[in-house]
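The values are calculated or read from the model by the stated rules, or taken from the named source; none is laboratory data. This structure is a prediction, so every number in the text was calculated from the model and none was measured. Every residue, glycine as well, gets a Cβ built from its backbone with ideal geometry; the counts of neighbours run over all protein chains shown.
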């Protein structure tokens, strides 16, 4: 089995933009190592801990490729705007 790609997020949206992305379907941007700035659509944001700053995220990357290739899951902290995404292998 080929491992998922695990990529670090070095910058992303604030908490209010994360909320609008989920509830209003707005697209947001993450800066990801080795890829750069990517546009994403969030389909799920869940509470990771009680801080209300740490989130489990799911969605898909806007762009080319099949829907399966563009899906991701991950973790994002709105306090420091860092985290990671896991994507299916290419």
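So the values come out like this:
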quantity	calculated
Residue 30 being in contact with a strand residue (DSSP E or B) (Cβ under 7 Å, 6 or more places away or on another chain) and either surrounded by 11 or more Cβ atoms within 10 Å (Cβ to Cβ) or at pLDDT below 95 (or both)	yes
Strands (runs of 3 or more DSSP E) (entirely within the range 20-90) containing at least 3 residues that are within 19 Å of residue 10 (Cα to Cα) and in contact with a helix residue (DSSP H, G or I) (Cβ under 9 Å, 6 or more places away or on another chain)	36-47, 54-61
Residue match in the range 4-12 (condition: part of a strand (DSSP E or B), without any contact (Cβ under 8 Å) to a residue 60 or more places away in the chain and either under 11 Å from the mean Cα position of the chain (by Cα) or surrounded by 11 or more Cβ atoms within 10 Å (Cβ to Cβ) (or both))	no
Count of the range 33-46 residues which are surrounded by fewer than 13 Cβ atoms within 10 Å (Cβ to Cβ), in contact with a strand residue (DSSP E or B) (Cβ under 7 Å, 6 or more places away or on another chain) and more than 13 Å from residue 59 (Cβ to Cβ)	3
Inter-residue pairs, beta-carbon under 6 Å, first in contact (Cβ under 8 Å) with a residue 24 or more places away in the chain and at negative phi and in the range 64-81, second surrounded by fewer than 18 Cβ atoms within 10 Å (Cβ to Cβ) and part of a helix (DSSP H, G or I), 6+ apart	78/15
